Amino acid sequence: MFNTLRKDIHVIKERDPAVKNTLEVLLCYSGLHAIWAYRLAHFFYLHKWFVTARIISTIARFFTGIEIHPGAQIGEGLFIDHGMGIVIGETTIIGNNVSLYQGVTLGGTGKEKGKRHPTIGDYVVVACGAKVLGSFTVGEGSKIGAGSVVLKEVPPYSTVVGIPGRVVLQQGKKISHSEQDVDLDHNRLPDPIEDQIAALQQQVAILQSRVNAMDNAEPHLRSLSR
C-alpha cells in the first residue's frame, strides 16, 4: 500500500513542473486526493458495499471537483492535473501512465447496460475539456486534443482533434514508452481547419495571379486586333 502511495506522489512530481516538494503534493493536489478516495471506494465496490462506495466517491467529488465512479478500473501512474470537472464513468478502464486534464469526461451514451464507457490505453493524454463518449478503445500512446469530442475508436499512437473527433496524425511505427517519457505536449497538435484555410488561401493567390496576368495581357491583345 505504501509503495502505491509513494508511486502516486512520484508521478505528480515527475510530470508537473510546478511541484516544489512532497508536502505540497500531499496537501494541495486534488487529483491525488481523488485517486486515493477512489481506491478506498473501489475496495468497497469490489466487496459489493455499493452504497458505501458511492458515498465515498460523492464526498470526494464535493471536496475535489473530480467524480470517479468506484466501479471504474484504473491502472498505475494516473496523473490528474487541475482536475476540476473530470468525470470517469462506471465501466471505464484506464491503463497505465495516463494523463487527464481539467474538464475531461470519460462517459457513456444512452441508457445501454454493460460496458458503456471507454477503454483508455497506456500513455494516453486527454487534454482539457475533451469528451470521450462510448464503449470503444483509445489506443496506446494517443493524444486527444483540448475540447475534442471522441465518439469512435482511436488507433494507437494517434492524435485526435475536433468535433466530432477525427484522427489527424498517426504514427507509423511503434514507440517504446517509459514513465519518464510520457508525452504531455498536448498543446502541439495539428490543426486540420487551419491547414485547409491555408490551402484555400494558396489557391486564391494562384487564381488571383492568373487574373492579373489576363488583365495585363488584354491591352496587348487589343492592339494586335487593330
Residue check, residue 83 buried (at least 24 other Cβ atoms within 10 Å of the Cβ) and modelled with pLDDT under 90: yes
Only residues that are more than 14 Å from the chain's Cα centre (by Cα) and on the phi < 0 side of the Ramachandran plot: list them for segment 97-118, please. 108, 109, 111, 112, 113, 115, 116, 117
Going through segment 152-169 one residue at a time, which ones are in a loop (DSSP other than H, G, I, E, B) and touching a Leu at 6+ places or on another chain (Cβ under 6 Å)? 164
Quick check on segment 1-48: of everything there that is among the β-branched types (Val, Ile, Thr) and assigned to a helix (DSSP H, G or I), which residue is farthest from residue 75 (Cα to Cα)? 22
Would you check if residue 81 is under 25 Å from the mean Cα position of the chain (by Cα), among the acidic types (Asp, Glu) and closer than 20 Å to residue 132 by Cβ? yes
As an exercise: evaluate residue 130 against (1) within 19 Å of residue 73 (Cβ to Cβ); (2) buried (at least 24 other Cβ atoms within 10 Å of the Cβ); (3) of a type outside the set (Ser, Thr, Tyr) and give the number of the one condition it does not meet. (1)
Lone qualifier among 98, 11 - being in contact with a Leu (Cβ under 6 Å, 6 or more places away or on another chain), modelled with pLDDT under 95 and assigned by TED's automatic domain parsing to the domain that holds residue 132: 98
Could you list all residues from segment 30-57 that are under 26 Å from the mean Cα position of the chain (by Cα) and either surrounded by fewer than 14 Cβ atoms within 10 Å (Cβ to Cβ) or under 16 Å from residue 4 (Cβ atoms) (or both)? 31, 32, 33, 34, 35, 36, 37, 38, 39, 40, 41, 42
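The values are calculated or read from the model by the stated rules, or taken from the named source; none is laboratory data. Source: prediction; values computed, not measured. Cβ coordinates were reconstructed from backbone atoms using ideal geometry, including for glycine residues, and neighbour counts include every protein chain displayed.
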